[in-house]
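Here's the structure, in structure tokens; my notes come after.
Just so you know, all these numbers are worked out from the coordinates, no wet-lab data involved. Since the model is a prediction, treat every value here as computed from it, not as a measurement. With ideal geometry, Cβ positions are generated from the backbone for all residues, glycine too; neighbour counts draw on all protein chains shown.
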Amino acid sequence: MENENKVTFLVYGRYALFSDPLTRIGGEKCSYMIPTYEALRGICESIYWKPTICWIIDRVQVMKPFQSQSKGVRPISMGSDPATLSIYNYLKDVAYQVEAHFEWNERRPELQADRNENKHYYMMKRSIEKGGRRDVFLGTRECQAYVEPCVFREGESPIKGEMSFGLQFHGFTYGDEGEGDELIARFWNPKMIDGIVRFCRPEECPVQRRVKPWAAKTFTLEENVTPVEKEWEESQS
């Protein structure tokens, strides 16, 4: 069944780093070959975020051949000793077509009056055309990215055939999204066919692990609805 609030966009940049956040503490970082669900959801939220909605990533199409580049990085030292040199392995010259839709955040009944599907859909479309409301990154902050509208599968991926990637990080379920006030890490086994990865839904991930307690932040309707949104709603009434 097609989602009426589905959006598609192209995101691209010089570098990307999609790493498992649970293994970053070792200092060395190596990117997955494909974007994680969490990274793409973060891009959607950088384009347009509201606590009323949850972004669901449906598919991604890889639009450039796989290239990697290693860089020596000297992280900030938090102690008296100078930081040692770390090696980060980035993806180079990347572009992805993303298809996503939003659903209501059922853990936030206090924002039920803000559940105006047309408003959020058209504001997301407008935000895509403007390049996003906040800075967009491909996995990590030093990997600046750019966003523009596109038609999904308009243009073919250079990657053909079927590829499996083993168990990989899918994303986090935060306290205001899951069934309890906990931060949950999710993992799955992605498969790519002719450059396209179809993501499973967060609740369908086969491996889920509790990380720590995570209490949900509360919002009032006055805090959540901006003057621009009020003006839009009034124009539609």
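List of remarks:
- Modelled this way, with points 7 Å down the Cα-to-C-beta line, the labels at R14 and V151 are 3.3 nm from one another.
- Residues S86, S31 in ascending order of nearby Cβ atoms (within 10 Å, fewest first): S86, S31.
- Working note: Debye formula, equal point scatterers on the alpha-carbon atoms of the range 134-194, no solvent; log10 I(q)/I(0) at q = 0.13, 0.21, 0.28, 0.29 Å⁻¹ is -0.65, -1.10, -1.02, -1.03.
- Karplus-derived 3J(HN,Hα) values for the range 88-95, using 6.51 cos²θ - 1.76 cosθ + 1.60 with θ = phi - 60°, are 10, 9, 9, 7, 10, 6, 10, 7 Hz; glycine and proline are entered as x.
- Cβ-to-Cβ counts within 10 Å put V94, V7 in ascending order as V7, V94, the fewest first.
- Placing +1 on the Cβ of every Lys and Arg and -1 on the Cβ of every Asp and Glu, with no other charges, gives the range 83-163 a dipole of roughly 260 debye about its Cα centre.
- Among the listed pairs K6/K50; K29/K160; K50/K119; K29/K71; K29/K92; K50/K125, those beyond 18 Å (Cα-Cα): K29/K160
- Label point distance in nm, F66-E162, each placed 7 Å from Cα along Cα→Cβ: 1.7 nm
- Cα gyration tensor shape for the range 76-210, rounded if a/c is under 1.5, else prolate or oblate: rounded
- Residues of the range 159-173 with amide N under 16 Å of the 7 Å Cα→Cβ point at V211: 168-173
- For T84 and E117, the difference between the fully extended length at 0.36 nm per residue and the C-alpha to C-alpha distance is 6.9 nm.
- When the range 84-224 is described by a simple charge dipole with +1 on each Lys and Arg Cβ and -1 on each Asp and Glu Cβ, the residue from N118, L91, L167 located farthest towards its positive end is L91.
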